[in-house]
Amino acid sequence: MLVNGKWESAWQPFQASSKQGAFLRQVSSFRNWVTPDGSAGPTGEGGFKAEAGRYHLYVALICPWASRTLIGRKLKGLEDAITVDVVEPVLTDQGWRFGSYPGASADTVNGATHLHEIYTKADPIHTGRATVPVLWDRQRGTIVNNESADILRMLNSGFGTLARSDVDLYPEDLRSRIDAWSERIYPTLNNGVYRAGFATTQGAYEEAFNDVFGMLDTLEAHLNESGPLMFGSRVTETDIRLFVTLVRFDAAYHGLFKCNLRRIVDYPRLSAFVSAMLAVPGVRETVSIDHIKRGYYSIKALNPNGIVPVGPDLPGLAPVTLARKAA
């Protein structure tokens, strides 16, 4: 990680642990917002006005948090307004690296070799981990935001007329329900798989494991009533938040993170949900099972020999034929 702007030691997957051995996630450090008129958002300072070609996303296809933003960019029709660079899937001793691995790219904006160089360009004395996604401002030469939840929401509403108006990932009539589901899904499932995978005590692991499968069971029951998506047929940010974890589950979390009670393919409704999301135009393009497997299985602390499993592949686009449960 970076300490006062200097890369101090080899990258490690463990951000921090509690005294009980539980995985603790780092808090995002850049929290400004792009808004249609450049006024300040819910956090941070103003001055980041929505303009075509001004902003750039740095992402990793392995990372569920970064994939949220890629899906949001696609669904809101912002591909021409916001450019993207993709880091390589294999984590190096200096963290994320730009390069020529298939599906990855060079840094076309700042010419960096490693992502941590972007952080020190924004803040020469930055201390912390260099994470994705990063929303970069070409005009001011700085990071706008590195919190995926913020970026997803500003992609939905912060780019004004540059974005599609017929797609609303955070509609007014569903906001309270979206927020409520986010508060439940994030700690138990989105971060729950990481809590299980990076736990350093049996107790912390089992607590996270139970949270993961408790939430999967809850979601299976919910989708039996509401399906195929979380609120029927409308795609919202809740669907995006859920999808990015589910699509990685069987390929990475089930084995490497020891979340092996059941697979997503063992849940009929969750499987139908994944298929329904993959059928949404643009979503499938944001998923690379190769990057996901290469990336997760490169974590030496969990897989010292670096062997990448052959299967499973990306789920097919099976038709969603499961009828809703009768009221």
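Taking label positions 7 Å along the Cα-Cβ direction at both Ala52 and Arg164, the computed distance is 1.7 nm, reported to one decimal. Over the stretch 218-268, the hull volume per residue, using the convex hull of the C-alpha atoms, is 75 Å³.
Applying the Karplus relation 6.51 cos²θ - 1.76 cosθ + 1.60 with θ = phi - 60° to the stretch 46-54 yields 3J(HN,Hα) values of x, x, 10, 7, 5, 8, 5, x, 7 Hz, where x marks Gly and Pro. If you stretched the chain out fully between Ala180 and Gln202, how much longer would it get, using 0.36 nm times the residue separation minus the C-alpha to C-alpha distance? So the extension gain works out to 5.0 nm. On a per residue basis, the convex hull of the C-alpha atoms belonging to the stretch 81-191 measures out at 150 Å³. Using a ≥ b ≥ c from the Cα gyration tensor of the stretch 137-271 (square roots of the eigenvalues), is it rounded, prolate or oblate, where a/c under 1.5 gives rounded and otherwise the larger of a/b and b/c decides, a/b for prolate? Verdict is oblate for the stretch 137-271. If you model the stretch 144-189 as an ellipsoid using its alpha carbon gyration tensor, with each semi-axis the square root of five times an eigenvalue, the axes come out at 21, 15, 7 Å, biggest first. State log₁₀ I(q)/I(0) for the chain at q = 0.09 Å⁻¹ as given by the Debye formula over alpha-carbon point scatterers of equal weight, solvent excluded. Values returned for q = 0.09 Å⁻¹ are -0.45. Net charge dipole, the chain: roughly 300 debye, given to the nearest 20, about the Cα centre with Cβ charges of +1 for Lys and Arg and -1 for Asp and Glu.
How much accessible area per residue does the stretch 103-262 have, in Å², with a 1.4 Å probe?
Per residue, the stretch 103-262 has 37 Å² of solvent-accessible surface.
Under the simplified labelling scheme, the Asp217-Glu45 pair shows an inter-label distance of 5.0 nm, with each label point 7 Å from Cα along Cα→Cβ. Comparing Arg68, Arg248, Arg164 in a Gaussian network model of the chain where C-alpha atoms under 10 Å apart are linked, the largest mean-square fluctuation is found at Arg164. Of the solvent-accessible surface of the chain, computed with a 1.4 Å probe and all protein chains present, 51% belongs to carbon and sulfur.
Which whole number of Å³ per residue matches the convex hull of the alpha-carbon atoms in the stretch 46-91?
91
For the set Lys258/Lys293; Lys258/Lys300; Lys76/Lys121; Lys6/Lys121; Lys49/Lys74, the pairs lying more than 22 angstrom apart at their alpha carbons are Lys76/Lys121.
The values are calculated or read from the model by the stated rules, or taken from the named source; none is laboratory data. Note that the structure is predicted; figures quoted are calculated from it, not measured. Neighbour counts are summed over all protein chains in view; Cβ atoms, including those assigned to glycine, are modelled from backbone coordinates with ideal geometry. Please note that ligands, DNA and RNA were not included when accessible areas were found on the heavy atoms of the full protein model with its side chains. Shrake-Rupley method; radii C 1.70, N 1.55, O 1.52, S 1.80 Å.
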